[in-house]
Amino acid sequence: MANQSPAKPGVPNSVQPSGTAPKAGATSKDMQLDTFSVNPENEALRTNHGVKISDDQNTLKLGERGPSLLEDFIMREKITHFDHERIPERIVHARGAGAHGFFQVYEAQTELTKAAFLRDPAVKTPVYVRFSTVQGSRGSADTVRDVRGFSVKFYTEEGNYDFVGNNMPVFFIQDAIKFPDFVHAVKPEPHNEIPQGASAHDTFWDFVSLVPESMHMVLWVMSDRGIPQSLRLMEGFGIHTFRLVNAAGKSRFVKFHWRPVLGSYSLLWDEAQKLAGKDPDFNRRDLWNAIEQGDFPEWELGVQIVEEEDEHKFDFDLLDPTKIIPEELVPIKMLGKMTLNRNPDNYFAETEQVAFCPGHIVPGIDFSNDPLLQGRLFSYTDTQISRLGGPNFHQLPINRPVTPNVNNQRDAMHQSSIHRGQASYEPNSIAGNWPKETPAAAVDGGFETYHERVSGEKIRKRSESFADHYSQATLFWKSMSAPEQDHIVAAYQFELSKVEREFIRQRVVDNLANIDPVLAQRVAEALGLTPAAPTQPGSAKSKSGKAGVDVSPSLSLMSKVKPGIKSTQIAILAAKGADPKSIAAAKTALTAAGAHVKVIAPMLGEVAPGIFADATIAGMPSIAFDAVFLACGEASAKALSASGDARHYVLEAYKHLKAIAAVGYGRDVLQASHLPVSEEGVLSGDTANVDAVVADFIEAIGKHRVWSRAAKAASVPA
Ligand code: HDD
């Protein structure tokens, strides 16, 4: 049947306000984007050229049984467009999730920078953020062990500023010329395109074990930072040293940090692996849901500031991107806060087409001579030209600044502006020399590069000051808590067990000996190897007598746990015959504390009068939750105790060191699972005491995991 046209006569079908038109508090970017939104509601179906379509079901044919006619411009247009719907995915960071929001500085930072968005606490600067994994393709799983990208486009009053960082503060290589080699090594192998979303393969470990500058970063990737629990709960780092420049022209070196307000947490490897199969969208779903539920993710933006005259006071080179500045040496000064409060309307138009470049800076921010950064300044705009089909990608709605971007650049593929006038050159006298340059100024001036004095020979050489590849890796290892060290060892053991060539495994273990002999020994044991004696041992102590630290507690994720259970996910496990009073009491208290509660049962339907299951045991496994609550009546406990899936649910939560609570008959399910009814992180009581049990449960969830259970949990089969 052909569609009946619902067209409203006289209403143009090109640019219509979107279904989610800007609400109160919309930013300048929201309003700009809205002018490009298309809303199909109440619109007639038309061709790309505006002709109304009367039949979208049948090709034009010669007779009912064909053949089809080439003349069918409607079918040809539809199929042609479809044939070209995909664009090349990003060469790295292909899988991503994005969101809109705003950034606000706490107080004017005029002494530090003349950047307008850091000078006025009244200004809410719109942002678009894209988080990503690095190795996998667009359809790969979220929870793989990998670095996460952390890109923020600030649509400032002075043009776009792109922060293009990662969730780890260092990088694999020191010079951009090695980036293609590194990416070729980590990506799926060229002969069979295996593995997807994983670094556990020969070419990655071959490369990194031959390039010791990567050892510090590899250690970060093998740590819990490589498997963040949530994109909302991971830190972000600018990595390179940048400059902030004030109106008087004074420059200071800075390192940028994003700190999630709710703290930072990671998955356990077993959870990450299972989630990759059971919910490959786990991280992006969590980000989306949090924003839809009004749990707007927030990060503070901070800087470590180093005065120009202190550039050489450290044990390492500030230009070396494989080094951090320990916070114990230079504390972080928090400048402001970013809030993500709106999901994109369209994945392709926004998250896929957004184009970041670390070279997009505004007056008051400048680069350092870090050779990795210098190469990046070229690569990003270059890659967009093939990815987004030409040099006009800045005209795509998500990439447009909220300022004008008038200049004499003309034409090229997909030009969407109609540039008026005869003069597209400068100087000109026939158009009054417009558009004109703006001299640099304290306020609203043109961009002026920081006047840095440099001299030297043209030379291809790595600076001697970049040569110590192990000391900061040693510092990182020594700063980890015992469970974090265990996880690192297990990660190396897992990854290297997947490496086929023994000489590569041996080379990695030999490299580890330079970081720490115990680390090397523990990894080697599981691989049947013996590490060689260290050749260039790292030292957590300053080697040069310059500023250094032995241990940096702020590197441990244990130092990031924040009190409270806001935005956590709690499962109430129940079956038919559950105890409605306990469920209601738990739900009320947990929700009041900011958690999201779901009733999980073997089947959908009513589990107690007026209480319905939100999801099934198979559909929302325990790995999707932070904690499990058992509120059973006798029948419910019997059913759950008899169910292998239900017992596995509880055992798995126990194995993953999650808080578990049981009231009334719920305790029977713990016993049927051979779990203790009461110990640290396992709370239980009579139904009459449900409020007290839930209060202890909330406190236990706030600690994130029950680390004291780790050794016991290892023997639990789940
Ligand atoms: Fe890169 C994308 C982060 C080194 C070349 N990079 C990309 C993205 C992030 C980073 C977050 C995804 C942006 C988005 O969401 O669209 N890259 C980093 C960090 C690095 C780094 C933190 C080191 C400190 N990158 C790096 C080097 C080069 C590149 C040394 C090349 C010389 N990166 C690219 C790229 C990508 C990219 C090929 C692929 C897609 C894109 O740019 O837009 O140009």
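The values are calculated or read from the model by the stated rules, or taken from the named source; none is laboratory data. From a predicted model like this one, the values you see are computed outputs, not experimental measurements. Note that we place each Cβ from the backbone using ideal geometry, even for glycine, and neighbour counts take in every protein chain shown. SASA here: full protein model, heavy atoms, side chains in, ligands and nucleic acids out. Shrake-Rupley method; radii C 1.70, N 1.55, O 1.52, S 1.80 Å.
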**Request:** Filter segment 173-182 for residues that are within 9 Å of the ligand (Cβ to nearest atom) and either open to solvent by less than 10 Å² (accessible area, probe 1.4 Å) or without any contact (Cβ under 8 Å) to a residue 60 or more places away in the chain (or both) and give the result.
**Result:** I173, K178, P180, F182
**Asked** Out of segment 669-692, which residues are part of a helix (DSSP H, G or I) and open to solvent by 20 Å² or more (accessible area, probe 1.4 Å)?
**Response** Q671, A672, T687, A688, N689, D691, A692
**Message:** Quick check on S140: is it polar (S, T, N, Q), within 16 Å of the ligand (Cβ to nearest atom) and either under 26 Å from the mean Cα position of the chain (by Cα) or surrounded by fewer than 17 Cβ atoms within 10 Å (Cβ to Cβ) (or both)?
**Reply:** yes
**Lone unmet requirement of (1) of a type in the set (D, E); (2) farther than 26 Å from Y161 by Cα; (3) open to solvent by 10 Å² or more (accessible area, probe 1.4 Å) for E300** = (2)
**Residue identified as touching a helix residue (DSSP H, G or I) at 6+ places or on another chain (Cβ under 8 Å), touching a residue at least 60 places away in the same chain (Cβ under 8 Å) and part of a helix (DSSP H, G or I) among A695, A700** = A695
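Here's the yes/no breakdown for (1) of a type in the set (V, I, T); (2) at pLDDT 95 or above; (3) part of a loop (DSSP other than H, G, I, E, B):
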position: E43; (1), (2), (3): no, yes, yes
position: N48; (1), (2), (3): no, yes, yes
position: D55; (1), (2), (3): no, yes, yes
position: T59; (1), (2), (3): yes, yes, yes
position: R65; (1), (2), (3): no, yes, yes
position: E71; (1), (2), (3): no, yes, yes
position: M75; (1), (2), (3): no, yes, no
position: I79; (1), (2), (3): yes, yes, no
**Item:** Enumerated strands (runs of 3 or more DSSP E) restricted to segment 566-657, each holding at least 2 residues that are modelled with pLDDT under 95
**Value:** 627-632
**Message:** Going by what's in this entry, would S622 be described as in contact (Cβ under 8 Å) with a residue 60 or more places away in the chain and of a type in the set (S, T, N, Q)?
**Reply:** no
**Request:** Within segment 143-158, count every residue that is open to solvent by 10 Å² or more (accessible area, probe 1.4 Å) and touching a Phe, Trp or Tyr at 6+ places or on another chain (Cβ under 9 Å).
**Result:** 4
**Prompt:** Which of the residues that make up segment 508-529 are in contact (Cβ under 8 Å) with a residue 12 or more places away in the chain and surrounded by fewer than 17 Cβ atoms within 10 Å (Cβ to Cβ)?
**Reply:** P517, A526
**Asked** Only one residue in L555, L604 is in contact with a helix residue (DSSP H, G or I) (Cβ under 6 Å, 6 or more places away or on another chain) and touching a residue at least 12 places away in the same chain (Cβ under 8 Å), so which one is that?
**Response** L555
**Message:** Between a residue in segment 379-390 that is under 20 Å from D175 (Cβ atoms) and within 6 Å of the ligand (Cβ to nearest atom) and any residue that is modelled with pLDDT of 95 or more and of a type outside the set (F, W, Y), which pairs come within a Cβ distance under 8 Å, given they are 6 or more apart or on different chains?
**Reply:** S379/A176; Y380/V164; Y380/A355; Y380/C357; Y380/P358; Y380/G359; T383/R90; T383/I91
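Conditions tested, residue by residue: (1) at pLDDT 95 or above; (2) among the charged types (D, E, K, R); (3) within 13 Å of the ligand (Cβ to nearest atom); (4) within 29 Å of G249 (Cα to Cα).
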site	(1), (2), (3), (4)
R342	yes, yes, no, no
C357	yes, no, yes, yes
P371	yes, no, yes, yes
N392	yes, no, no, no
N399	yes, no, yes, no
**Request:** Scan segment 444-467 for residues that are open to solvent by less than 100 Å² (accessible area, probe 1.4 Å) and assigned to a loop (DSSP other than H, G, I, E, B) and jot them down.
**Result:** G445, G446, F447, E448, T449, Y450, E452, G456, R462, S463, A467
**Request:** Please verify whether segment 245-262 includes one or more residues that are in contact (Cβ under 8 Å) with a residue 60 or more places away in the chain, more than 15 Å from the ligand (Cβ to nearest atom), out of contact with any helix residue (DSSP H, G or I) (no Cβ under 9 Å at 6 or more places or on another chain) and of a type outside the set (A, V, I, L, M, F, W, C).
**Result:** yes
**Request:** Working only within segment 92-114, note down all residues that are within 15 Å of T156 (Cβ to Cβ), open to solvent by less than 10 Å² (accessible area, probe 1.4 Å) and assigned to a loop (DSSP other than H, G, I, E, B).
**Result:** T113
**Top-ranked residue in segment 93-119 [being touching a Lys or Arg at 6+ places or on another chain (Cβ under 9 Å), closer than 20 Å to R243 by Cβ and touching a residue at least 60 places away in the same chain (Cβ under 8 Å); ranked as nearest to the ligand (Cβ to nearest atom)]** = F103
**Prompt:** So P483 fits all but one of (1) open to solvent by 70 Å² or more (accessible area, probe 1.4 Å); (2) at pLDDT 95 or above; what number is the exception?
**Reply:** (1)
**Request:** Can you confirm whether segment 406-420 contains a residue that is in contact (Cβ under 8 Å) with a residue 24 or more places away in the chain, within 16 Å of the ligand (Cβ to nearest atom) and either at positive phi or open to solvent by 60 Å² or more (accessible area, probe 1.4 Å) (or both)?
**Result:** no
